[in-house]
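The values are calculated or read from the model by the stated rules, or taken from the named source; none is laboratory data. All values reported here derive from a predicted model rather than from experimental measurement. Cβ: placed from backbone, ideal geometry, glycine included. Neighbour counts: every protein chain shown. We work out accessible area using only protein heavy atoms, side chains counted, and drop any ligands, DNA or RNA first. Shrake-Rupley method; radii C 1.70, N 1.55, O 1.52, S 1.80 Å.
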Amino acid sequence: MKLIVQMLATLTVIGIISGGLLAQIDNWAQPKIAGHAKKETEKAIFIVQPDANSYESVETAGFELYKVFDENKKSLGYAMPHNGNGFQGNVKIMIGVAGDMNSLIGLEILEQVETPGLGTKVCEPFFKDQFKGLACDPRIEWVKGAEPSKPNEIQAITGATISSKAVVAIINDGLNKLKSVKEGGAEL
């Protein structure tokens, strides 16, 4: 009985010390993680809006949205992070949208956990470049096994159709959200 009490006391002390140390490490790491995420977001804004020199957050949108400007402070459009489900899990992207909201400027994949070698091809330039200048009014569509024939179509990746469709769905969902805010009269 004495041995059991000693073991429980030892495990309790180890648990308390370990928990305290983990809490301290978390307190130390969280600001670094947030800073890194902010740098990655800023980098992605300038990837999807390559002509931009500056940006500002649009607080009235109700979601994360950035308005981008050229060197003369003329509005170029928007950069919008948006996420949704892929084949394996969450996919987070940054969408560059023209000011008239009728075409895309660019696309960057921020986070994904898709199948290595297949679904991860959505991160490759050959896939992302399809979105540069792509018409997004009407909705973006995808085709499989054929060349796109419309200004709002992209070609899905063979073997990663679900991941390709997921990216298109995430973009369409984000654009619908952006357009509904604009139509609702919010100052963007």
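Miscellaneous remarks
- Residue count for segment 128-151 under the criterion of being in a loop (DSSP other than H, G, I, E, B) and either small (Gly, Ala, Ser) or surrounded by fewer than 18 Cβ atoms within 10 Å (Cβ to Cβ) (or both): the result is 13.
- Subset of segment 10-34 (residues that are among the aliphatic types (A, V, I, L, M) and open to solvent by 70 Å² or more (accessible area, probe 1.4 Å)): Leu11, Val13, Ile14, Ile16, Ile17, Leu21, Leu22, Ile25, Ile33
- Here Asp173 passes the criteria (1) more than 22 Å from Ile47 (Cβ to Cβ); (2) touching a strand residue (DSSP E or B) at 6+ places or on another chain (Cβ under 9 Å); (3) not in a loop (DSSP other than H, G, I, E, B) except the one numbered (1).
- Filtered by the rule that a residue be polar (S, T, N, Q) and in a loop (DSSP other than H, G, I, E, B), segment 89-121 gives Asn102, Gln112, Thr115.
- For segment 53-88, a residue qualifies if it is part of a loop (DSSP other than H, G, I, E, B) and open to solvent by less than 10 Å² (accessible area, probe 1.4 Å), and exactly one does: Leu65.
- Whether a residue is open to solvent by less than 30 Å² (accessible area, probe 1.4 Å), within 26 Å of Val91 (Cβ to Cβ) and either not in a strand (DSSP E or B) or not hydroxyl-bearing (Ser, Thr, Tyr) (or both) was assessed, and Ala37 does not pass this test.
- Segment 170-188: number of residues that are farther than 13 Å from Leu107 by Cα, at pLDDT 85 or above and in contact with a Leu (Cβ under 8 Å, 6 or more places away or on another chain): 2
- For segment 102-127, the set of residues classified as at pLDDT 90 or above, open to solvent by 40 Å² or more (accessible area, probe 1.4 Å) and hydrophobic (A, V, I, L, M, F, W, C) consists of Ile105, Leu110, Val113, Cys123, Phe126, listed by residue number.
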